[in-house]
Each structure stands twice: as structure tokens, then as C-alpha cells.
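Below is one structure; the comments refer to it alone.
The values are calculated or read from the model by the stated rules, or taken from the named source; none is laboratory data. Just so it is clear, the structure is predicted and the values come from calculations on it, not from any experiment. Please note: Cβ atoms are built from the backbone with ideal geometry, for glycine as well, and neighbour counts cover all protein chains shown.
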Amino acid sequence: DQQVKQNSPSLSVQEGRISILNCDYTNSMFDYFLWYKKYPAEGPTFLISISSIKDKNEDGRFTVFLNKSAKHLSLHIVPSQPGDSAVYFCAASDSGNTGKLIFGQGTTLQVKP
Amino acid sequence: SAVISQKPSRDICQRGTSLTIQCQVDSQVTMMFWYRQQPGQSLTLIATANQGSEATYESGFVIDKFPISRPNLTFSTLTVSNMSPEDSSIYLCSLRLGPHEQFFGPGTRLTVL
């Protein structure tokens, strides 16, 4: 049972444009959501997070939106840069369950110069 | 954040052998975790490494196959026992510094022949 789903395995965007990565979840107990970026041969790097009491969190070029009713979150990167090319994972946490992270399958983002 | 190192960074092993992966952190942390990322898959939590007590394993993972040690607050090991080609994965340790965010080591890429 995949509780966190990233339905787009890959995304290609032109440099300078917006990248939108999507994530859906099924467990209504999740109350915290995170995005990680992973380059080949490296561990995932924490990018940005959002609590379920918010619907938006912004950090520089990165903004995460949360739609609780739809159980959907998205990561917006604007403007996209070639260095953003990586695999992006969304993850969800249930604070009442030792804070374990459940990860989606990942989306490979390619930003073309 | 913290500096997390893993040894070895990669290894190629024969079927039926065991490999111990080390995770070292530059500061004391209470919660450390071990994940597996099989080829083309998401990150899956193997277990939570508790200092001074036995690890807590997730469904589908057992201590006999993945024994974990946590002798102090800066170090943990994961052993992959009696390996088969299906164990070929990237193994990652992580730690939790805040209520939710986890930070990952660089990973150990294991290939079992």
C-alpha cells in the first residue's frame, strides 16, 4: 500500500521556467510533509517542509503548497536552474508514530539550459 | 545540521556473505535510522536504531537479516547478513535533529553477485 505517491517519474523544464512537482498521500494521520533532493551517489538532502496547519511555505526559489482536503502537495521551483536537476522525493510524517518518514517514489527533474 | 559519514561508500559482495556498514555522526543524536533504496525505488525504512536498546524493525525486516548496533549516540552499524542479489541496494543512515526533519548520510551502494 503506497501511502505517498509521486505519479510523475520524470519532468523536463527549460531553465528559468517554473518546475512543479506533485505528491499525493492517502493517510489522513500525516501531519508534516517534507521534500528532499537527491543527486546520484549522494544521500538525500532536506529541501523544505510544511506542517499540516499551513497551506504554504516558501524558502527562496522553493515553495511548497499543501491541499489537505485533496491530500495533495506540490513543490514549486522558480526560476528553475540546471543545478536543480536531481531526483526529488516527497515524504510524510505522522507525529504520533515516532515521526517515521514515508517516502514517495521520486520524480527526476531535468532542467535544460 | 550534522556531518554524517558512512563506510564503505560502495562494495561488491558475493552471495551468502555479510557486510557491516558503519554510520558516524559528528554530534550526539538520539534517533538514528537505517533506510534502503532498491534500484529505481523509493527509500524504505528498515529500522530505528535506539541507543542502549534493541533496534525497532519495520514490517518486512528482521533482526537476523539486518542486525543493528548502536553503542553510543554518535555511531551505528547495520549488517546485511547472508546476502543475495535482491539485497543489492543503497543503504542510508539518517538522524533526526528536530521534531520531523531527518538528515541523511551519503549512502553505501551494495552490489551482490
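Out of contact with any strand residue (DSSP E or B) (no Cβ under 7 Å at 6 or more places or on another chain), within 14 Å of chain A (Cβ to nearest Cβ), under 16 Å from A:PRO44 (Cβ atoms) and without any contact (Cβ under 8 Å) to a residue 40 or more places away in the chain: does that describe B:GLY60?
Details: out of contact with any strand residue (DSSP E or B) (no Cβ under 7 Å at 6 or more places or on another chain): yes; within 14 Å of chain A (Cβ to nearest Cβ): yes; under 16 Å from A:PRO44 (Cβ atoms): no; without any contact (Cβ under 8 Å) to a residue 40 or more places away in the chain: yes.
Answer is no for this residue.
Scan A:VAL64, A:VAL111 and give me the residue that is touching a helix residue (DSSP H, G or I) at 6+ places or on another chain (Cβ under 6 Å) and at pLDDT 95 or above.
So the residue among A:VAL64, A:VAL111 that is touching a helix residue (DSSP H, G or I) at 6+ places or on another chain (Cβ under 6 Å) and at pLDDT 95 or above is A:VAL111.
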Within the range A:51-61, tally of residues that are assigned to a strand (DSSP E or B) and either within 24 Å of A:GLY16 (Cβ to Cβ) or at pLDDT 95 or above (or both): 4
Selection status of B:LEU95, buried (at least 16 other Cβ atoms within 10 Å of the Cβ) and farther than 23 Å from B:GLN14 by Cβ: yes
So, in the range B:1-15, of the ones that are more than 10 Å from chain A (Cβ to nearest Cβ) and not in a strand (DSSP E or B), which residue ends up nearest to B:GLN102 (Cα to Cα)? B:ALA2
Subset of the range A:26-58, residues away from every other protein chain (no Cβ under 13 Å) and under 27 Å from B:PRO106 (Cα atoms), comes to A:GLU58
Quick check on my filter: what residues within the range A:74-94 are part of a strand (DSSP E or B) and away from chain B (no Cβ under 14 Å)? A:SER74, A:LEU75, A:HIS76, A:ILE77
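Can you tell me which of B:SER88, B:SER69 is in contact with a strand residue (DSSP E or B) (Cβ under 8 Å, 6 or more places away or on another chain), under 26 Å from A:VAL4 (Cα atoms), surrounded by fewer than 19 Cβ atoms within 10 Å (Cβ to Cβ) and more than 14 Å from chain A (Cβ to nearest Cβ)?
Working: B:SER69 fails: under 26 Å from A:VAL4 (Cα atoms).
Just one listed residue meets the conditions, B:SER88.
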Any residue in the range B:6-29 that is in contact (Cβ under 8 Å) with a residue 60 or more places away in the chain and among the β-branched types (Val, Ile, Thr) sitting within a Cβ distance under 7 Å of a residue that is assigned to a loop (DSSP other than H, G, I, E, B) and surrounded by 12 or more Cβ atoms within 10 Å (Cβ to Cβ)? List the pairs, counting only those 6 or more apart or interchain. B:THR17/B:MET83; B:VAL25/B:ALA2; B:VAL25/B:THR74; B:VAL29/B:ALA2; B:VAL29/B:LEU73; B:VAL29/B:LEU97
Kindly indicate whether any position in the range B:73-85 is under 14 Å from B:THR48 (Cα atoms), out of contact with any Cys (no Cβ under 7 Å at 6 or more places or on another chain), buried (at least 20 other Cβ atoms within 10 Å of the Cβ) and not hydrophobic (A, V, I, L, M, F, W, C). no
Among the residues of the range B:38-52, count how many are farther than 18 Å from B:THR79 by Cβ and either crowded, with 20+ Cβ neighbours inside 10 Å or at pLDDT 95 or above (or both). 2
Across the range A:20-50, what is the number of residues that are part of a strand (DSSP E or B), crowded, with 17+ Cβ neighbours inside 10 Å and more than 11 Å from the chain's Cα centre (by Cα)? 3
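Tell me, which residue of the range B:91-113 that is farther than 17 Å from B:THR20 by Cα and in a strand (DSSP E or B) is nearest to the other protein chains (Cβ to nearest Cβ)? Give the steps one after another, and end with the answer.
First, the residues of the range B:91-113 that are farther than 17 Å from B:THR20 by Cα: B:95-104.
Next, from what is left, pick out any that are in a strand (DSSP E or B): B:95-96, B:102-104.
Details: B:LEU95: 11, B:ARG96: 7, B:GLN102: 6, B:PHE103: 6, B:PHE104: 4 Å.
Per the stated criteria, the residue is B:PHE104.
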